[in-house]
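**Q** Dropping the structure in here first, questions after.
The values are calculated or read from the model by the stated rules, or taken from the named source; none is laboratory data. Keep in mind that what you see is a predicted model, and the values were worked out from it rather than measured. Glycine also receives a Cβ, built like all others from the backbone with ideal geometry; neighbour counts cover every protein chain displayed.
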C-alpha cells in the first residue's frame with residue numbers, strides 16, 4: 001500500500017512539473033500558433049482559387065396508381081429515392097448534356113465533382129449546388145444541371161413532373177476557402193504541435209536539476225547544497241577595473 005501511494009504521489013508531482021514546464025515555455029506555443037496561422041492565412045488568401053457556389057432547387061412529383069413507378073409518398077420520405085435523385089443528377093449523361101449546351105471545356109468527371117445534391121427531411125425539395133471560380137458560370141451551370149437532370153429524372157423514374165422551386169442564384173461571395181475558419185484551425189494545429197513537442201522534450205529530459213530530483217529519482221538524501229553567488233553590476237565593474245590596472249602594472 002505504501003509503495004502504491006508513493007507511486008501515485010510521484011505521478012502527481014510529475015504532472016505538476018509537466019504543467020509548470022509547459023507554462024514557462026508557453027511563449028513557444030503562442031509563436032507556433034501565430035506562425036502556422038499566418039502561413040495558413042497567406043496560403044488561403046494568395047494560393048487558393050476562390051470557389052463560388054450557386055444553388056437551385058427542384059421538386060419531384062411521381063405518378064400515383066401505377067405499379068411501374070414509385071408513389072408520391074415514396075418520393076417524399078424514402079431515403080433510397082433521394083439517393084436515386086442524387087445519382088441521376090450527378091450522372092455522366094447529365095454532365096455531358098450540360099457541357100454540350102454551355103460549350104464547356106471540362107471533362108464530365110470534373111463537372112460531376114463540382115455538383116452537390118442536398119435534401120431536407122420531411123420535404124420533397126432537392127437542392128442542386130454547383131461550384132466554379134466564375135460566379136456567373138456557376139449560375140449558368142446550376143440552371144443547366146437542373147434542366148438536364150429534370151428531363152433525366154422524368155425519363156428514368158417515369159416521374160409525372162419535376163418542377164423548379166428556385167432558379168439558380170448569382171453568388172456574391174466565395175463559398176470556399178473559408179479564410180478565417182481555416183486560419184483558426186491552422187493556428188490551433190500549430191499550438192497543438194508545439195505542445196506535443198514540448199511534452200516529448202520534457203519526457204526525454206532525464207537530467208538532474210535540483211535536490212528534489214535527487215530524492216525523487218535516485219532515492220538518496222541530499223547531504224549539502226553549494227550556493228551560487230552572482231555578482232552585481234558594481235562588483236563586475238570593480239573586478240574589470242582591477243584586472244585592467246594589474247595589466248598596466
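**Q** Which residues, counting only those in the range 44-61, are modelled with pLDDT of 85 or more and within 13 Å of residue 126 (Cβ to Cβ)? Full working, then the answer.
**A** Narrowing the range 44-61 to residues modelled with pLDDT of 85 or more: 44-60.
If the condition is that a residue be modelled with pLDDT of 85 or more and within 13 Å of residue 126 (Cβ to Cβ), then 55, 56, 57, 58, 59, 60 are the ones that fit.
**Q** Let me ask you something else. Has the range 118-130 got at least one residue that is free of Cβ contacts under 8 Å to residues at least 40 places away in the same chain and part of a helix (DSSP H, G or I)?
**A** No: zero hits.
**Q** Any idea which residue in the range 7-27 is modelled with the lowest pLDDT, counting only those that are under 12 Å from residue 199 (Cβ atoms) and in a helix (DSSP H, G or I)?
**A** Quick first cut of the range 7-27, residues under 12 Å from residue 199 (Cβ atoms) only: 14-15, 17-19, 21-22, 25.
After this cut, where a residue has to be in a helix (DSSP H, G or I) as well, the list is 14-15, 17-19, 21-22.
Numbers: 14: 69, 15: 78, 17: 76, 18: 79, 19: 85, 21: 80, 22: 83.
Applying the filter and picking the extreme gives 14.
**Q** Would the range 86-101 turn up any residue that is at pLDDT 95 or above, touching a strand residue (DSSP E or B) at 6+ places or on another chain (Cβ under 7 Å) and either within 23 Å of residue 139 (Cα to Cα) or not in a loop (DSSP other than H, G, I, E, B) (or both)?
**A** Yes - at least one qualifying residue is present in the range 86-101.
**Q** Here are 71, 64: which of them is in contact with a helix residue (DSSP H, G or I) (Cβ under 7 Å, 6 or more places away or on another chain) and at pLDDT below 85?
**A** Details: 71 fails: in contact with a helix residue (DSSP H, G or I) (Cβ under 7 Å, 6 or more places away or on another chain).
Testing whether each residue is in contact with a helix residue (DSSP H, G or I) (Cβ under 7 Å, 6 or more places away or on another chain) and at pLDDT below 85 leaves just 64.
**Q** Would a scan of the range 177-190 turn up a residue that is surrounded by 14 or more Cβ atoms within 10 Å (Cβ to Cβ), in a loop (DSSP other than H, G, I, E, B) and in contact with a strand residue (DSSP E or B) (Cβ under 7 Å, 6 or more places away or on another chain)?
**A** no
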